[in-house]
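Colleague: Dropping the structure in here first, questions after.
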Amino acid sequence: MKRVLLDIQEADLAQLERLADDEGVSRASVLRDAVAEYLVRRDRPTLVKRKPLKGFGILQGSLPDGLEYQERMRSEWE
């Protein structure tokens, strides 16, 4: 793992702090998750390296990608 230095708007930093506090994790952990999620979304055409999204109850860790689900549902109409 490498360290990076970046500038973040004060308002965004405050939101990150609140999110980290709510989840009981570090701010760095929230940022790592955000970067991982962003990279997965940018690599959407392959859909191979999808990171499971958080869910609730029985769905936890198994929520499908929204666009993928939408396209699958629409393909049934044809």
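Colleague: Residues with beta-carbon under 14 Å from that of Leu6, excluding Leu6: net charge, scoring Lys, Arg +1 and Asp, Glu -1? Before the final figure, lay out the partial values.
Modeller: On the way: positive: Lys2, Arg3, Arg27, Arg32; negative: Asp7, Glu10, Asp12.
Residues close to Leu6 contribute a combined charge of +1.
Colleague: Using DSSP to define loop residues, name the GluC sites (Glu not before Pro) in segment 1-30 whose beta-carbon has at most 10 other beta-carbon atoms within 10 Å. Walk me through the numbers before you get to the answer.
Modeller: Numbers: sites: Glu10, Glu17, Glu23; in loops: none.
In loop regions of segment 1-30 (DSSP not H, G, I, E or B), there are no sparsely surrounded GluC sites (Glu not before Pro).
Every read-out reported here was derived from the displayed coordinates using simple, explicitly stated rules and does not represent laboratory data. No experiment lies behind these values; they were computed from the predicted model shown. In this analysis, Cβ positions are derived from the backbone assuming ideal geometry, glycine residues included, and neighbour counts consider all displayed protein chains.
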